[in-house]
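A.B. asks: Please find one structure pasted underneath; my questions will follow.
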Amino acid sequence: MSASSLPLPFPAVVARLRTAGCVFAEDEARLILATARTPAGLRAMVDRRAAGLPLEHVLGWADFRGLRISVDAGVFVPRRRTEFLVDQAEALARPGAVVVDLCCGSGALGAALASTLDEVELYAADIDPAAVRCARRNVEAVGGTVYEGDLYDPLPAALRGRVDVLLANVPYVPTEEVELLPPEARVHEARVALDGGADGLDVLRRVTAEAGGWLTPGGSLLFETSGRQAPSAMAIVADDGLKPRLAECDELDATVIVGTRPSASSS
C-alpha cells in the first residue's frame with residue numbers, strides 16, 4: 001500500500017507525530033506507512049504512537065542487528081546498545097556452540113547470535129508469559145527452543161556443564177530509579193524486565209551464583225550493566241568463581257561484562 005493511497009499522507013503523519021513529541025517524526029512516519037496494511041490500520045498505528053506507545057510496539061517489530069524481531073505489546077524492546085553484547089558473544093562462540101539466552105524477553109539476543117553462527121544449539125527462557133510467546137516466534141525461527149520459568153529453573157538438566165555462551169539480559173535498574181525511566185519503558189514494558197532490586201544487581205547475583213554449574217569449562221556468561229555498576233558487578237562475577245572481563249563501547253554507551261569459567265588447563 002503506497003503512502004499516496006492512504007487517508008493520512010506522509011506530511012500529515014509527520015505533523016501528528018511531531019505534535020505528539022516524537023523527535024524522529026519523519027523516520028517514524030516512513031516506518032509506520034511502510035508497515036500499515038489498511039487505512040484503518042494506519043490511523044490506529046498513528047494514534048497509538050501519538051499516545052506514547054513505543055514505536056516498536058506500534059510496528060510489532062524492532063530492528064536488532066539487522067534482524068526484524070517481533071515485539072508484542074508489553075514486551076521489553078531490545079536496545080541498540082545491546083547489539084554490543086551480541087558482538088562480544090559472537091567473538092567467543094564457535095560453530096555448533098550451545099547457547100542459552102536467560103531473561104530473553106523477545107529472544108532478540110539469542111536469535112541474533114544464532115543467525116551469525118553455524119549449527120548453534122539455542123535455548124532461551126523468561127519468566128514473563130507474554131515475553132515467552134513473543135520469543136518463541138523469534139527463537140524458533142532460527143531453530144531454538146524457548147522455556148517459561150524463573151532463570152535456570154525451566155532449562156533441561158542435560159544442559160548443565162555444556163553451555164558455551166550464556167547470555168543474560170538481566171534487569172539492572174535500581175528499584176528507586178525505575179520511576180525515572182522514560183514513559184515508553186516505565187509504562188509500556190514489563191517491570192520484571194527493568195527492576196534489578198535495591199542496587200540493580202539482585203537478578204545478576206542469582207544468575208552468577210549458578211552460572212558455573214551450567215557453563216562448560218572455558219564457557220562464558222555475558223551481561224550488560226551500567227558503567228557505574230560495573231565494578232560491583234565484576235566483583236560479584238569473581239566471587240562466584242568466574243574470571244571477569246570488562247568490555248565497553250563509547251559509541252553505543254554500552255558496558256558488558258564477560259565472566260568465563262576457568263578451563264581445566266587454566267593456571
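The values are calculated or read from the model by the stated rules, or taken from the named source; none is laboratory data. Source: prediction; values computed, not measured. Quick reminder, even Gly has a Cβ in these numbers, built from the backbone with ideal geometry, and neighbours come from all protein chains shown. To get the accessible areas, we keep the full protein, side chains included, count just its heavy atoms, and leave off ligands, DNA and RNA. Shrake-Rupley method; radii C 1.70, N 1.55, O 1.52, S 1.80 Å.
A.B. asks: Take residue 26 and residue 251, extend 7 Å from each Cα along the Cα→Cβ direction, and tell me the distance between the two endpoints in nm.
C.D. replies: That separation, rounded to one decimal, is 2.3 nm.
A.B. asks: Gap in Å between the Cα centre of region 52-78 and the Cα centre of region 153-223?
C.D. replies: 20 Å
A.B. asks: By DSSP, what percent of the beta bridges with both residues in region 115-267 are antiparallel, rounded to the nearest 5?
C.D. replies: Given both bridge residues lie in region 115-267, the antiparallel proportion sits at roughly 60 percent.
A.B. asks: If you fit an axis through the alpha-carbon atoms of helix 83-92 and take the longest principal axis of the Cα set of the chain, what angle between them do you get, 0 to 90°, nearest 10?
C.D. replies: So the helix axis and the longest Cα principal axis differ by about 30 degrees.
A.B. asks: Continuing with this model, one more query. How much FRET efficiency would the formula 1/(1 + (r/R0)^6) give for residue 133 and residue 43, where r is the Cβ-Cβ distance and R0 is 25 Å, rounded to 0.05?
C.D. replies: Computed FRET efficiency for residue 133 and residue 43: 0.40.
A.B. asks: Does anyone have the angle between helix 39-50 and the longest principal axis of the chain? Alpha-carbon axes, 0 to 90°, nearest 10?
C.D. replies: Tilt of helix 39-50: around 60 degrees.
A.B. asks: For the chain, what does -39500 (n - 2.57) per DSSP helix run (n ≥ 4), summed and divided by total residues, give at 222 nm, in deg cm²/dmol to the nearest 500?
C.D. replies: One gets -10000 deg cm²/dmol as the mean residue ellipticity at 222 nm.
A.B. asks: State, as an integer percentage, the relative contact order of region 171-267 based on alpha-carbon contacts under 8 Å between residues 6 or more apart.
C.D. replies: Relative contact order comes out at 25 percent.
A.B. asks: When Lys and Arg each count +1 and Asp and Glu each count -1, what net charge do the other residues less than 12 Å away from residue 128, Cβ to Cβ, add up to?
C.D. replies: Spelling it out: positives minus negatives among the neighbours equals -3.
A.B. asks: Report the residue, chosen from 217, 171, 11, that carries the largest GNM mean-square fluctuation when the chain is represented by alpha-carbon nodes joined by springs under 10 Å.
C.D. replies: In this elastic network of the chain, the residue with the biggest mean-square fluctuation among 217, 171, 11 is 11.
A.B. asks: Using only Cα atoms, figure out Rg for region 17-89 and give it as a multiple of 2.2 N^0.38 Å.
C.D. replies: 1.17
A.B. asks: Rounded, prolate or oblate: pick one for region 174-267, where a ≥ b ≥ c are the square roots of the eigenvalues of its C-alpha gyration tensor, a/c under 1.5 means rounded, and failing that, prolate if a/b is larger than b/c, else oblate.
C.D. replies: prolate
A.B. asks: Where only protein heavy atoms count, and the probe is 1.4 Å, what is the accessible area per residue for the chain in Å²?
C.D. replies: Accessible area per residue: 45 Å².
A.B. asks: Tilt of helix 230-239 relative to the longest C-alpha principal axis of the chain, in degrees (0 to 90, nearest 10)?
C.D. replies: Result, in degrees: 40.
A.B. asks: When only Cα pairs under 8 Å and 6 or more residues apart are kept, what is the percent relative contact order across the chain?
C.D. replies: Once divided by the residue count of the chain, the mean separation gives 14 percent.
A.B. asks: For the chain, give me the percentage of DSSP beta bridges that are antiparallel, rounded to the nearest 5 percent.
C.D. replies: Roughly 45 percent of the beta bridges in the chain run antiparallel, per DSSP.
A.B. asks: Assign one of three labels to region 121-231, namely rounded, prolate or oblate, based on the Cα gyration tensor with a ≥ b ≥ c the square roots of its eigenvalues; rounded applies when a/c is under 1.5, prolate when it is not and a/b is larger than b/c, and oblate otherwise.
C.D. replies: oblate
A.B. asks: May I pose another question? Where the accessible area of region 182-242 is counted over protein heavy atoms with a 1.4 Å probe, how much of it, in %, is carbon and sulfur?
C.D. replies: The nonpolar share, carbon plus sulfur, comes to 57 percent.
A.B. asks: Per residue of region 249-254, what does 6.51 cos²θ - 1.76 cosθ + 1.60 with θ = phi - 60° give for ³J(HN,Hα)? Whole Hz please, x for Gly and Pro, Karplus curve as stated.
C.D. replies: 9, 5, 4, 9, 6, 10
A.B. asks: About the Cα centre of the chain, what is the dipole size in debye to 20, counting +1 per Lys and Arg Cβ and -1 per Asp and Glu Cβ, all else neutral?
C.D. replies: 640 debye
A.B. asks: OK, next. Using a Gaussian network for the chain with springs between C-alpha atoms less than 10 Å apart, which of these wobbles most: 79, 37, 65?
C.D. replies: 37
A.B. asks: Could you give the nm distance between label points at residue 176 and residue 192, where each point is 7 Å from its Cα heading toward the beta carbon?
C.D. replies: 2.6 nm
A.B. asks: Let me ask another. Please calculate the 1.4 Å probe accessible area of residue 205, with all protein chains present, and give it to the nearest 10 Å².
C.D. replies: Taking all protein chains as shown, residue 205 has close to 90 Å².
A.B. asks: In region 1-141, what percent of the accessible surface is made up of carbon and sulfur (1.4 Å probe, ligands and nucleic acids excluded)?
C.D. replies: 52 percent
A.B. asks: Hey, another quick one. Of (i) 14.6; (ii) 13.1; (iii) 19.5, which is the value of mean projected area of the Cα convex hull in nm² derived from the coordinates here?
C.D. replies: (i)
A.B. asks: Keeping all protein chains in the complex and leaving out DNA, RNA and ligands, what accessible area do you get for residue 172 with a 1.4 Å probe, in Å² to the nearest 10?
C.D. replies: That residue has around 40 Å² of solvent-accessible surface.
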